[in-house]
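Novice: Can you keep this structure in mind? I'll have questions shortly.
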Amino acid sequence: MASLLRHYSSSVPKPSSTLNPLVDIPIPSFFTSTTSKQASWLYTTLALVAALLVLEQSVYRYKKKHLPGARWTIPLIGKFADSMKPTMEGYMAQWNSGALSAISVFNIFIVMASSNEYSRRILNSPNHAEPCLVHSAKQILMPDNWVFLNGRSHVEYRKILNALFTRKALSIYIGIQDAITRKHLNEWLANAAKDPSPQSIMMTARNLNMHASLRVFCGNHIPEHGAVEISEKYWDITQALELVNFPLAIPGTKVYRAIKARKVASKWLELAAARAKVAIAEGAEPECMLDEWVKEMQAPGYKGRKDFSDREMAMVVFSFLFASQDAMSSGLIYGFQHLADHPDILAKIREEQYRVRVNDVDKPMTLEMLEEMPYLKAFVKESMRVKPPVTMVPYKTTKAFPISPDYTVPVNSMVIPSFYNSLHDPEVYPDHDKLLPERWLDAKSSANTNPKNYLVFGSGPHKCIGIEYAQMNMALVLATASVLADWEHHITPESDKVQIIATLFPKDGCLLKFTPRPRP
């Protein structure tokens, strides 16, 4: 055995002392090459991301130029996080940073105007900017809705729509508004008798406005269950028309729900338009706005467009609903809150009401009666000045917009005129934070001699077409409530804070306690 082992060991070549046995073992190159490729892809990706981020910042800085605003924008989202829960304090800080200032949200470059001069310049420059409301507005309201039109097509719409807010037309609407207002106020009082605790009027005021608006616009051409369905769905539209929302209409988002709600509303509104055409063709007299529209197009002296489809008429009514739901509800809620917080003003309104109504609180309101109520109208105007329902209306530049001698807003940017600063200009409105209806009763007051500052309803070719209707509705509801009910404001730490949805609302929803008012 020993000799065998010696023979075996002598026959096996000895390893060289200069060679490492592991070096000579062939190792596949798979891991090495894979690691190299991964590193290459990683470095390339990082380089591309870095280049895109640098490009993003460079474009923002190039567009911003010397305007006040953040020196750098947060990658991709910009000010999106701040815009999700906007506050008046945040807007005020932006406005106070300069007459023009810049921000970016989701790579949408935005120029905000805070001065009356620049705000009016935007509103009165249809050749450079068009209303876009919010980024998702065209998805919700439809891109061919008349509110987005410019030029001749927009003029053609306004030619017929102006006829829907004449004195003759308003005299039809006020009777509908009066009856519906009394019905809802009686329901408020009945509910308050069951539960006397203070209740938020945010949704009850909204429901009153929706009911009145639907019947004013569509009469009985929409069945009651259709009106209820529109009212229930429309809140989704309100929420989706906030200044900033997630821009894609994917299931679960506000924009997606709003589009579904619009389809429901459009179905009923198109039906109402079709029925109005049939009713007027059969000789009926106008009982609502759609009837008046059809009747006006048949008038002998009318020379405007006559071929409005059911869908086009429905889209107009849809845009009116948006305005009446949000702006009018905001104005009405703050009207109730302001009167509760200023009993001296409420007392003056009541005195005027009893005098004009000759103590007959059941007498329906008429246009002639409203004309005899200057203090009421002054209060409505002042209440909306102090708390404007709409503080801004976003526009989109259609071409490079030389808004000032030293700055041009780039094409396809958002440019947002602010109304708040114009309405709180201390030179035009002394004691601008105070509620003073009397400032509108003096024809020579600075408020009355500077109408360019009163931007509650905008300015220019897209100025609100329903100014008289909106003011009439607010005045009628507050006037009727003042003689039928007393109300107390339950003040909370959030009563004076603002909740910004599409328009302004008291953050606590305005908690009021209603009780019946003794008859005179």
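Novice: Straight-line reach only, C-alpha to C-alpha below 22 angstrom: list the lysines that Lys363 could link to, leaving out same-chain residues fewer than 8 apart.
Specialist: Lys168, Lys183, Lys348, Lys377
Novice: Heads up, I need the accessible area for Lys434: 1.4 angstrom probe, whole protein in place, Å², nearest 10.
Specialist: 120 Å²
Novice: Turning to a different aspect of this structure: Would you rank Tyr420, Tyr62 by solvent-accessible area, highest first, keeping every protein chain in place and using a 1.4 Å probe?
Specialist: Ranking Tyr420, Tyr62 by accessible area, largest first, yields Tyr62, Tyr420.
Novice: Nearest 5 is fine: what % of DSSP beta bridges in the chain come out antiparallel, could you say?
Specialist: Taking every DSSP beta bridge within the chain, about 85 percent pair in antiparallel fashion.
Novice: If you place +1 on the Cβ of every Lys and Arg and -1 on the Cβ of every Asp and Glu, how big does the dipole about the Cα centre of segment 185-270 come out, in debye to the nearest 20?
Specialist: 260 debye
Novice: Within segment 177-258, list the trypsin sites (Lys or Arg not before Pro) lying in a DSSP loop whose Cβ has at most 10 other Cβ atoms in a 10 Å radius.
Specialist: none
Novice: Roughly to the nearest percent, how much of the accessible area of segment 188-293 is carbon and sulfur, given a 1.4 Å probe?
Specialist: 57 percent
Novice: A follow-up question, please. Based only on Cα atoms, what Rg/Rh ratio does segment 263-307 have, Rh being taken as Kirkwood's radius?
Specialist: 1.02
Novice: About its Cα centre, what dipole magnitude does segment 335-457 give when the only charges are +1 on Lys and Arg Cβ and -1 on Asp and Glu Cβ, stated in debye to the nearest 20?
Specialist: 440 debye
Novice: Per residue, how much accessible surface does the chain expose to a 1.4 Å probe? Answer in Å², no decimals.
Specialist: Here the per-residue accessible area is 48 Å².
Novice: From the phi angles alone, apply the Karplus equation (6.51, -1.76, 1.60; θ = phi - 60°) to segment 48-53 and give each ³J(HN,Hα) in whole Hz, x where the residue is Gly or Pro.
Specialist: Taking θ as phi minus 60°, the curve returns 5, 4, 4, 5, 5, 5 Hz for segment 48-53.
Novice: Return the carbon/sulfur percentage of the accessible area of segment 83-187, one whole number, probe 1.4 Å, all protein chains in place.
Specialist: Solvent-exposed carbon and sulfur of segment 83-187 make up 58 percent of the total.
Novice: Still on this model: Identify the GluC sites (Glu not before Pro) of segment 322-380 meeting these criteria: DSSP loop state and at most 16 other C-beta atoms within 10 Å of the C-beta.
Specialist: Sites meeting the loop and neighbour criteria: Glu372.
Novice: Let me ask something else about it. On C-alpha positions alone, give me the angle between the axis of helix 310-323 and the longest principal axis of the chain, in degrees, nearest 10.
Specialist: Helix 310-323 sits roughly 90 degrees off the main axis of the chain.
Novice: Against the longest alpha carbon principal axis of the chain, how many degrees, from 0 to 90 and to the nearest 10, is the axis of helix 343-357 turned?
Specialist: 40 degrees
Novice: Determine the order of Val393, Val358 by accessible area, beginning with the largest, at a probe radius of 1.4 Å.
Specialist: Of Val393, Val358, the descending order of accessible area is Val358, Val393.
Novice: Given only helices, namely DSSP H runs of n ≥ 4 each adding -39500 (n - 2.57), what is the per-residue ellipticity at 222 nm of the chain, to the nearest 500 deg cm²/dmol?
Specialist: That comes out to -16500 deg cm²/dmol.
Novice: Just how much of Thr87 is accessible, in Å², when a 1.4 Å probe is used and the result is rounded to the nearest 10?
Specialist: The value for Thr87 is about 60 Å².
Novice: Only four residue types carry charge here, +1 at the Cβ of Lys and Arg and -1 at the Cβ of Asp and Glu. Report the dipole size of the chain about the Cα centre in Debye, rounded to the nearest 20.
Specialist: Its charge dipole is roughly 1680 debye.
Novice: Let me ask something else about it. Just read off the accessible area of Val147 with the full protein assembly in place, 1.4 Å probe, to the nearest 10 Å².
Specialist: Estimated to the nearest 10 Å², Val147 gives 30 Å².
Novice: Along the charge dipole of the chain, which of Gly301, Leu48, Trp95 sits closest to the positive end, that is, farthest toward it, with unit charges on the beta carbon of Lys, Arg, Asp and Glu (+1, +1, -1, -1)?
Specialist: With unit charges placed on the Cβ atoms, the residue in question is Leu48.
Novice: Taking the 0 to 90 degree range and rounding to the nearest ten, how far is the long axis of helix 2-11 tilted relative to the main principal axis of the chain, both from C-alpha atoms?
Specialist: Value to nearest ten degrees: 70.
Novice: Ignoring ligands, DNA and RNA, what percent of the 1.4 Å accessible area of segment 412-520 is carbon and sulfur?
Specialist: Roughly 51 percent, rounded to a whole number.
Novice: Apply the Karplus parameterisation 6.51 cos²θ - 1.76 cosθ + 1.60, with θ equal to phi minus 60°, to every residue of segment 396-413 and state each ³J(HN,Hα) to the nearest whole Hz, in sequence, with x for glycine and proline.
Specialist: 10, 6, 8, 7, 4, 10, x, 6, 9, x, 10, 8, 10, 6, x, 4, 6, 9
Novice: State the answer as a single residue: which of Ile201, Thr480, Pro364 lies farthest towards the positive end of the charge dipole of the chain, with beta carbon charges of +1 for Lys and Arg and -1 for Asp and Glu, about the Cα centre.
Specialist: The listed residue farthest towards the positive side: Ile201.
The values are calculated or read from the model by the stated rules, or taken from the named source; none is laboratory data. On a predicted model such as this, the values are computed, not experimentally measured, just so you know. A quick note on method: Cβ atoms are made from the backbone with ideal geometry, for glycine too, and the neighbour counts reach across all protein chains shown. Surface areas here come from the heavy atoms of the whole protein model, side chains and all, with no ligands, DNA or RNA. Shrake-Rupley method; radii C 1.70, N 1.55, O 1.52, S 1.80 Å.
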